[in-house]
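Here the structure is laid out as structure tokens; the discussion comes afterwards.
The values are calculated or read from the model by the stated rules, or taken from the named source; none is laboratory data. Note that the structure is predicted; figures quoted are calculated from it, not measured. A quick note on method: Cβ atoms are made from the backbone with ideal geometry, for glycine too, and the neighbour counts reach across all protein chains shown.
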Amino acid sequence: MVVATVSTASALVGHHQAISPMFSRATVSQTGSWTVPADEVDAPAVPTPGGAEAGTGAFNAVTCATSDDCVAVGGDANLGGIAATSSDGGNTWTSASVESGQPELNAVTCSGISDCVAVGVGDAATSSDGGATWTSVTIPTSNTTLLGVSCPASSLCVAVGVTPVEAGPYAGDLLVSSDGGSTWTEPQLPPHLGALGSVDCPSENFCVAVGAEILVSTDGGQSWSPEFIDGGTGVLRNVSCASATECVAIGPNGQGAGDSTASAFAVTTTNGGEKWTSSTMPPSSYTLNAVSCAPDGSCVASGPGPGTSAPEATSTDGGVTWQDTTSLPASVSAVAKISCLSSTSCVFVGLEGPTAVTGTTTDGSTWSVQPVTTIDTTTSTTQTGVAQ
């Protein structure tokens, strides 16, 4: 059932400038599986490389519904949930209101400029005003940490994540909503489901989920089929679809800990998920774990830097071929997530050292980077910005 052949060396990249398993607190065995501590029964802590950490808040994810309207979510210094909106393409941000006690948010999606859904540690949140205000939502599996979400329509949403299993590898979980994220149910799941970190639904029928395996749905997330790759691949951290037939998924390569020329893993499909093919990534790209592909077939990938600067790779053919790119400022040490609407319109969230930042490009070759305003959210019920 598992399609990604994983060795100890191919465990996912953790925080910037370090190699660690994707799902922290789990130990990696010689066979490459993640072993859950026997006492872990709650929703696990799964840090986003380049995102929020305890003591240092940051954004974990960003999505842009238009070239102007963007939403970012993440965690503050205490890993409480935070959110912000931009009406100028990510150049400036306005703090959003989330409910008191909202846990850290790991992913966000908007089906239009109004309806948005975010997911995180043990719950989800919805917004009907473009991300300005958020309402917390319970999920049926409260011990699941949701890491990815996609809403191809205002009513249909699919979320994926991980759930602890007693003294074994993290299990994957899939949830589906038919009312825009207000309520969630578990669909028919494949047996022995591996951990899942990302999902993209480019249409109301077609969805792709990736992590320890690749799953494809052709009925809006109600049922899922595993897909296989000749020769296998490493664990895949992020998936992005340029169309209802073209998708690319990438993941970092733990072999980079001993070989600085190692390349990240990447796979693509051009026929709606029926067949997947490995792509060759540039040398020394082993920390790439965030990707966004636009409808024009352009893709941008990045992640935490193996040194002091974040890596960057670009594609103009939907992820089939990639080029090493150095347009990101050298001061950007990690990129957590990217959202691209075209080859000349992208926004990222990440870090400059310990400082949370956002970045924008309007030409595809130069980036403008801004620090995220920090505020004290320890006593505020309207949690906004990033507290450090």
Exercise for review: Kindly provide the set of residues from segment 48-95 that are of a type in the set (Asp, Glu) and within 19 Å of CYS340 (Cβ to Cβ), ordered by number.
Suggested key: ASP68, ASP69, ASP88
Review point. Right, VAL117: under 21 Å from LEU341 (Cα atoms) and out of contact with any helix residue (DSSP H, G or I) (no Cβ under 7 Å at 6 or more places or on another chain) or not?
Key: yes
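To keep it simple, each residue is scored yes or no on (1) closer than 17 Å to ASP115 by Cβ; (2) surrounded by fewer than 16 Cβ atoms within 10 Å (Cβ to Cβ).
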{"residue": "THR145", "(1), (2)": "no, no"}
{"residue": "ALA153", "(1), (2)": "yes, yes"}
{"residue": "VAL176", "(1), (2)": "yes, no"}
{"residue": "TRP184", "(1), (2)": "yes, no"}
{"residue": "VAL210", "(1), (2)": "no, no"}
{"residue": "ASP219", "(1), (2)": "no, yes"}
{"residue": "SER223", "(1), (2)": "no, yes"}
Practice item. Take the residues in segment 110-125 that are of a type in the set (A, V, I, L, M, F, W, C) and over 17 Å from THR48 (Cα atoms), then tell me which one is surrounded by the fewest Cβ atoms within 10 Å (Cβ to Cβ). Key: ILE113
Point to revise | Count of segment 359-372 residues which are assigned to a strand (DSSP E or B) and touching a residue at least 40 places away in the same chain (Cβ under 8 Å) | key: 5
Check your understanding: Can you name the residue in segment 243-256 that is outside any loop (DSSP other than H, G, I, E, B) and of a type outside the set (Val, Ile, Thr) and, of all such residues, is surrounded by the most Cβ atoms within 10 Å (Cβ to Cβ)?
Key -> GLY251
Study note, to complete from the structure: Apart from one, (1) modelled with pLDDT of 95 or more; (2) closer than 21 Å to THR373 by Cβ; (3) buried (at least 24 other Cβ atoms within 10 Å of the Cβ) all hold for ALA107; the odd one out is (2)
Practice item. Those residues that are surrounded by fewer than 24 Cβ atoms within 10 Å (Cβ to Cβ) and either in contact with a strand residue (DSSP E or B) (Cβ under 8 Å, 6 or more places away or on another chain) or hydrophobic (A, V, I, L, M, F, W, C) (or both), I need them from segment 317-331; list them, please. Key: VAL320, THR321, GLN323, ASP324, THR325, THR326, SER327, LEU328, PRO329, ALA330, SER331
Exercise for review: Look at GLU99 and say whether it is part of a loop (DSSP other than H, G, I, E, B), at pLDDT 95 or above, of a type outside the set (Val, Ile, Thr) and over 26 Å from PHE228 (Cα atoms).
Suggested key: yes
